[in-house]
Amino acid sequence: MKKKSLLGQTLLMLAFTVLCVLFIMPFVLLVSVSFSKEADIAMNGYKFWPENFDLSAYSYIFKNPTTILNAYKVTAFYSIAATVLSLFLQSLMAYPLSWGRMRGRNFISFFLYFTMLFSGGMVPTYILLTQYMHLDNTIWIYIIPGLISPWNIFMIRTFFNSLPYEIYESSVIDGASEFRIYLQMAMPLSKPVLATLALMTFLGKWNDWNTSLMYIDNSELFSLQYLLQKILKDITLLQQMEESGLGMINAAQIPSETVRMAMAIVVAGPALVIFPFFQKYFVKGMTVGSVKG
Amino acid sequence: MKLAKDAKDLRMHKRRGPTKREWSLYAMCAVPVLLVLVFNYLPMYGLIIAFKNYKYSLGIFGSEWVGFRNFEFFVTSSDFIRLVRNTVGLNAIFIVFGIVCAVILSIMLYELKSRLATKIFQTTLLTPHFLSWVIVSYMLYGFLHPQYGILNGFMENTLHIQPLDWYATPSVWPFILTIASIWKHVAMDSILYYAALMGIDSSLIEAARIDGAGKFKIYRYIILPELVSLITILTIMKIGNIFRADFGLFYQLPRDIGILYPTTDVIDTYIFRTMRVIGDMGMSSAVGFLQSLVGFVLVVATNYVSKKVSDTSLF
């Protein structure tokens, strides 16, 4: 078995290597174009390796970084705020539902569960948030509406349930209040599930562009991803003007093809460097909620 | 043990009101419940917009009732067939290919003996999952750009065939969207199958091997049966959501280009466009209502089926 499997393992490694190369090709392309010379692109198109190494796209972006920096600030603020708040509130709600000791918990669970089955949809939500609550064009639109996700509450509850009931009993005997048991016993013991959810929530917020698309007109409140999407469209616009001879001077000076890709790198780069390190939590967390649920 | 104790506790308090402890538990629920009530249940009430000719100036209550006109208009329009076909058709393709690829990947990972290699490959394949669809649309643009794109360059210079204007050719988009969807999700999807494979009792496989079972037989009689129930439940769950499309995938990758609508326009992008671009709130709401309703029925039905089939269900 052992000798025979050596060939199999080598082939498997080879297959995986090919697969991985295919998977990261889009990343390589993005990086390569961002470091290319605009003239080379115009001549030969995009390449997986820059013909001439060139930083002008990045220097163009960092010459006037206020817009990007601002979007970074906005995105970082609401991502962190939303993650912290939603984890706190979700676990706060998961706690009473766990350990089966509160009357009416089945009703509350169903109250939560029903929202996973049926929703009012995009339009009524839009009207509620803009016409009645006036959350559009404020930073709160990113934070408040999505604070509670029933799915996450159930995941945390499942985890709380797996903690030994004796912890609860002995805390009660020691005279701890429910909130204190939640904060000092249940929460510290639930780090694995909390870390996973924190990561997922943060990632979802960081990658959010829909909210800006729907609710934000004020460019100072654009999220990073939405800004990126806008730029993809705006540079195209500039190019069209250039081609029809309307925008004569400036448009030609923008190394638009390379700047576009460099923008994507500037936006995606930090997240791409950071998130793979949390990969093991993802793998763990995916199975934490599902095995027992 | 635990349950019996709880039941006794409950009986003891049955006649009295909530205990002091219960009050503090209710208090902990208060804010989250309020948030769900406002942001999840209030919009459901707003569904009456679907039966109205909504005007911003008149508000929900002031707008004129039109009965089922919005629904009739949508169901009889030419958009209806196209949207249902694209949404259900493409989702079905994603489900089938997504599951096949995820299962194959998980088996490949399972067969890999080196822990380090498993980690490296898994991390690499997971990377697309961390990207937003906006970034993916940039990458795709790099491949499909009519003038500079990698694919057209390859077709022209290496294969010497006529390059294609990808963003003006609807027929290729089902393939592109499927590849993009699998590329982004396959590693994440495979994790569940991988976990199931790792959970298989290794002594079972060892015993089979001693009894002379080859690799094929071990897969046929031990490993695949373990996966079948998981595949069944995940498929059923996905079928329950077959009328819901991934808005980001369908909005960002085809870049909202009108020529591509015949194969890329799905219910979710249509709702968005009718609402934000055309501004027909009643109509858009009606489509959303239909989608929610059909989705609800499907989820409940598929859940019932999965209960029958595999004894596993969501509720």
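The values are calculated or read from the model by the stated rules, or taken from the named source; none is laboratory data. Fair warning: this is a prediction, and the values are worked out from it, not measured in the lab. Glycine gets a Cβ as well: all are built from the backbone with ideal geometry, and neighbour counts include every protein chain shown. For accessibility, only protein heavy atoms count, side chains too; no ligands or nucleic acids. Shrake-Rupley method; radii C 1.70, N 1.55, O 1.52, S 1.80 Å.
Worth pointing out:
- Yes/no for B:LEU234 being of a type in the set (A, V, I, L, M), assigned to a helix (DSSP H, G or I) and under 15 Å from the mean Cα position of the chain (by Cα): yes
- Filtered residues of region B:190-205 (kept if open to solvent by 30 Å² or more (accessible area, probe 1.4 Å) and either away from chain A (no Cβ under 12 Å) or at pLDDT 90 or above (or both)): B:ASP201, B:SER202, B:SER203, B:LEU204
- Index of the failed condition, A:ARG180 passing every other in (1) within 25 Å of the chain's Cα centre (by Cα); (2) more than 9 Å from every other protein chain (Cβ to nearest Cβ); (3) not hydroxyl-bearing (Ser, Thr, Tyr): (1)
- Whichever residue in region A:65-83 is open to solvent by 40 Å² or more (accessible area, probe 1.4 Å) and touching a helix residue (DSSP H, G or I) at 6+ places or on another chain (Cβ under 8 Å) and, among such residues, is farthest from B:CYS29 (Cα to Cα): A:THR67
- Residues of region A:188-215 that are within 12 Å of chain B (Cβ to nearest Cβ) and part of a loop (DSSP other than H, G, I, E, B): A:ASN207, A:ASP208, A:TRP209.
- Residue count for region A:170-187 satisfying the condition of being in a helix (DSSP H, G or I) and open to solvent by 60 Å² or more (accessible area, probe 1.4 Å): 6.
- Failed criterion for B:LEU125 (all others in (1) farther than 30 Å from A:PHE275 by Cα; (2) under 28 Å from the mean Cα position of the chain (by Cα) hold): (1)
- The lone exception for B:ILE93 - which of (1) free of Cβ contacts under 8 Å to residues at least 60 places away in the same chain; (2) in contact with a Pro (Cβ under 8 Å, 6 or more places away or on another chain); (3) assigned by TED's automatic domain parsing to the domain that holds B:ILE222 it fails: (1)
- Residue count for region B:259-276, restricted to those that are within 13 Å of B:TRP173 (Cβ to Cβ), more than 20 Å from the chain's Cα centre (by Cα) and open to solvent by 10 Å² or more (accessible area, probe 1.4 Å): 3
- Entirely in region B:77-181, the helices (runs of 4 or more DSSP H) that have 1 or more residues that are farther than 30 Å from A:LYS205 by Cα and either within 8 Å of another protein chain (Cβ to nearest Cβ) or at pLDDT 90 or above (or both): B:78-111, B:115-126, B:150-157
- Listed conditions (1) surrounded by fewer than 22 Cβ atoms within 10 Å (Cβ to Cβ); (2) facing chain A (nearest Cβ under 10 Å); (3) in contact with a helix residue (DSSP H, G or I) (Cβ under 7 Å, 6 or more places away or on another chain) are all met by B:LYS238, apart from (2).
- Scanning region A:95-112 for residues that are more than 9 Å from chain B (Cβ to nearest Cβ) and either closer than 14 Å to B:VAL31 by Cβ or among the charged types (D, E, K, R) (or both) yields nothing.
- Conditions (1) open to solvent by less than 50 Å² (accessible area, probe 1.4 Å); (2) in contact (Cβ under 8 Å) with a residue 24 or more places away in the chain; (3) under 30 Å from B:PHE272 (Cα atoms); (4) assigned to a helix (DSSP H, G or I); number of the one not met by A:MET116: (1)
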